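The values are calculated or read from the model by the stated rules, or taken from the named source; none is laboratory data. On a predicted model such as this, the values are computed, not experimentally measured, just so you know. All Cβ positions, even for glycine, are placed from backbone atoms using ideal geometry, and neighbour counts span all protein chains on display.
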Amino acid sequence: MCPETESSGRHSVLIHAPYGKDAGLIRNELEAAGFPAAACLTVEELCARVGAGADAALIADEALVPQAIELLTKCFKDQPPWSDFPLLVMTAGGAATGASRHRLRLIEPLANVTLLERPLRPETLLSGIRAALRARSRQYQLRDLLSELADNNGALKQANGDLTRVNRELEEFAYVASHDLQEPLRMINIYTQLILDKTGKEDADLSQYAGYIEQGVTRMERLIQDLLMFSRTVNTDGVSSEGSHAGADLATSLSEATSLLHTPIQENAVVIHAGPLPRVRGDSRQFAHVFQNLISNSIKYRKKTEPPRIEISARECEGEWITAVQDNGIGFDQQYADRIFGLFKRLHKDEYPGTGLGLAICRRIVERYGGRMWATSSSGIGSTFYFALPPV
Ligand code: ADP
């Protein structure tokens, strides 16, 4: 220990120069310049003080005997990862000897070593110490940033965990709610049918009311199914989901969608023209759902005056594949182009059936694979829906 400096409390700079009066002189010099300093009698003591939080050390190179190097090696290895401890080595005057060069080679990888040639001039000493303390203070800043980062990371992990849990609960809720809601709907259906069987045939009014009930039930069933689909889309981890590593073949997705929509396509004499489609990041079945939604919308929002025509094409642009689904339907005012992707947002409420969830589901699917989705339209002319996705 260094009893002569212990009373000053903080010892920023440690000095170990065991021979002669150097240690005391340097300490006085540093103290006079405003740098708290402590002279250490042994390397063990110096190491203990480094571990306790000193800022820099000054050591005479003749003190770097093998045993001292061993102690210093352990001491610097025990420093935290952000630390690059400033160590100033006072070399023998003039050209360093072979032994001294060897000692320095051993010590250099362990710390932030600076050589100070003796005889030491006060200005050289002070400027070396200033640079060392400045380097150390930068390291403390790094330490604080790292600890802040670790705290934030912890908070983020916690929030992420909470979010996953809440999402899971929400999905469970959606399942339970949809199941529980479907049950009373089935009852309503059955009893409406029974009432109709008993009295409906004679009573035109009653038969009409029963028809309204059935319509309401059908709409409710659609809503429940779409909500369930939406909750599954939001809660499934896209990147790790099956098939996403191999990528999605959009041509396969499209043919799956058109075969599912075979009947409405035939009934409405829809003309679909598709160009070559790429392979993108994602899952073919999920994108089949996107195509199915877009094509059925193009059919639903068609003009009464001409047969629906749908053009599907893809082009590569700045590292993404942009797929476009263009129709010649009724279109909508461009100012609503983003709003229609919101939950339950519908522009043509009364004239057309729907839940207002289809496009929200499509956008979620595309975003889960790192993509974007948007639309352009002109009222009375037609609409184009775009989705951009990264290649596989
Ligand atoms: P839904 O069709 O069930 O109402 P969507 O989320 O699929 O719900 O679409 C939201 C709204 O966007 C629709 O209600 C409609 O007003 C508008 N829309 C979607 N696709 C088209 C289209 N191809 N042409 C014109 N309007 C469309």
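From the set of residues in the range 303-317 that are among the charged types (D, E, K, R) and within 16 Å of the ligand (Cβ to nearest atom), which is surrounded by the fewest Cβ atoms within 10 Å (Cβ to Cβ)?
K304
With the checklist (1) among the hydrophobic types (A, V, I, L, M, F, W, C); (2) part of a helix (DSSP H, G or I); (3) closer than 19 Å to A23 by Cβ in hand, flag the one item M90 doesn't pass.
Here M90 clears every test but (2).
Can you confirm whether the range 131-140 contains a residue that is closer than 22 Å to E70 by Cβ, free of Cβ contacts under 8 Å to residues at least 24 places away in the same chain and not charged (D, E, K, R)?
Step one: list which residues in the range 131-140 are closer than 22 Å to E70 by Cβ, which gives none.
Within the range 131-140, not a single residue is closer than 22 Å to E70 by Cβ, free of Cβ contacts under 8 Å to residues at least 24 places away in the same chain and not charged (D, E, K, R).
Is there a residue being outside the structural domain of D226 (by TED's automatic domain parsing) and under 25 Å from A248 (Cβ atoms) anywhere in the range 326-336?
yes
Here is a yes/no grid of residues against (1) in contact with a helix residue (DSSP H, G or I) (Cβ under 9 Å, 6 or more places away or on another chain); (2) crowded, with 21+ Cβ neighbours inside 10 Å; (3) at pLDDT 95 or above:
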residue	(1), (2), (3)
F287	yes, yes, yes
Y301	no, yes, yes
D338	no, no, yes
T376	yes, no, yes
I381	no, no, yes
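May I ask you to verify whether E183 is among the acidic types (D, E) and under 46 Å from the mean Cα position of the chain (by Cα)?
Taking the combined requirement at face value, the residue satisfies it.
Within the range 367-374, identify whether any single residue is crowded, with 16+ Cβ neighbours inside 10 Å, assigned by TED's automatic domain parsing to the domain that holds I299, modelled with pLDDT of 95 or more and near the ligand (Cβ under 8 Å from one of its atoms), and answer yes or no.
Taking every residue of the range 367-374 in turn, none turns out to be crowded, with 16+ Cβ neighbours inside 10 Å, assigned by TED's automatic domain parsing to the domain that holds I299, modelled with pLDDT of 95 or more and near the ligand (Cβ under 8 Å from one of its atoms).
Where residues in the range 183-207 are modelled with pLDDT of 85 or more and among the polar types (S, T, N, Q), which of them is nearest to P353 (Cα to Cα)?
It comes out as N189.
If the Cβ limit is 7 Å and pairs must be 6+ apart or interchain, which residue in the range 326-339 that is more than 9 Å from the ligand (Cβ to nearest atom) pairs with which residue that is among the small types (G, A, S)?
Taking only residues 6 or more apart or on different chains, the pairs are Q326/G382; N328/G382; D333/S379; Q334/S377; Q334/S378; A337/A375; A337/S377.
Based on this model, can you work out whether E320 counts as more than 13 Å from the ligand (Cβ to nearest atom) and out of contact with any Asp or Glu (no Cβ under 8 Å at 6 or more places or on another chain)?
Yes: the conditions hold for E320.
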